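Data block below; observations after.
The values are calculated or read from the model by the stated rules, or taken from the named source; none is laboratory data. The structure presented is a predicted model; accordingly, all values stated were derived computationally and were not measured. Quick reminder, even Gly has a Cβ in these numbers, built from the backbone with ideal geometry, and neighbours come from all protein chains shown. To get the accessible areas, we keep the full protein, side chains included, count just its heavy atoms, and leave off ligands, DNA and RNA. Shrake-Rupley method; radii C 1.70, N 1.55, O 1.52, S 1.80 Å.
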Amino acid sequence: MATDGRGVPLLLHACCGPCSLEPLRLLREDGFEPTICWSNPNIQPVAEHDRRLRTLLDWARDVAHVEVVVAGDDRGAWERGVAPAGFDRERRCRSCYALRLAESCRVARERGFEYVSTTLAVSPYQLFDACEDVLLDLARANGLTAVWRDFRPHYAEATIESRELGMYRQNYCGCRFSSAEAAMERQRARDARKAARAARREGRLVVAPPEYFPG
Ligand code: SF4
């Protein structure tokens, strides 16, 4: 594929707008010119899915000036292939990554890209090693080259910048299981902060946990 002087074309699977900020910037710094690929049938409910997609499209058009391919969102395949894992997070997330990244690799092949990557590698709340395995295997099977980077050190910058841009930021990964897990985690953190406040009143030093944001 010709680079038209803008960098080496790469198809970047994106899970949402806020998580796209830093990967796009860093990949451009590395000499790539990403096209974003949306394939996220994991996001529930549908209104939440549509809100995250709208946030991504607005940012891509108005701020990042990057093309977005809205690929397949096969919700039936997600229910059949991912949901049966339930609260077994490792199994569930592996199959969820596989579904979304397989669709991204299909689009990459169809459009003549050689390189593929994913914004999932920016969030410290994702299963980093499992996601790497899945992307590398799928890229190899499709005759593509995976560009796998640890974007996680830039997560804090992405958080600040997306807030400054007024982007919508979700407080759970996407599926109904992650929504329940995040709610439980927030409750646990609230209880721990309450306990820390009570301990301080009694003159004991206890460190309260930070806010939980599994984006
Ligand atoms: S937690 Fe996120 S990656 Fe894991 S199954 Fe749910 S939506 Fe997919």
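One table, with the values for the structure above:
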quantity: Filter result for the condition that a residue is free of Cβ contacts under 8 Å to residues at least 24 places away in the same chain and of a type outside the set (S, T, N, Q), over 108, 85; calculated: 85
quantity: Contacts under 9 angstrom Cβ, first residue in segment 175-203 being in contact (Cβ under 8 Å) with a residue 24 or more places away in the chain, partner within 12 Å of the ligand (Cβ to nearest atom) and of a type in the set (A, V, I, L, M), 6 or more apart; calculated: 175/43; 175/82; 175/83; 176/83; 177/83; 177/85
quantity: Residue count, segment 79-134 (criterion: of a type in the set (A, V, I, L, M, F, W, C), assigned to a helix (DSSP H, G or I), under 16 Å from residue 39 (Cα atoms) and in contact with a Cys (Cβ under 6 Å, 6 or more places away or on another chain)); calculated: 2
quantity: Any hit, segment 58-73, residues being touching a Gly at 6+ places or on another chain (Cβ under 7 Å) and open to solvent by less than 50 Å² (accessible area, probe 1.4 Å); calculated: yes
quantity: Residue list for segment 33-57, restricted to those being in a loop (DSSP other than H, G, I, E, B) and crowded, with 18+ Cβ neighbours inside 10 Å; calculated: 39, 40, 41, 42, 43, 44
quantity: Those residues of segment 38-84 which are of a type in the set (S, T, N, Q) and more than 16 Å from the ligand (Cβ to nearest atom), in sequence order; calculated: 55
quantity: Segment 170-203: number of residues that are within 16 Å of the ligand (Cβ to nearest atom) and either surrounded by 15 or more Cβ atoms within 10 Å (Cβ to Cβ) or not in a helix (DSSP H, G or I) (or both); calculated: 13
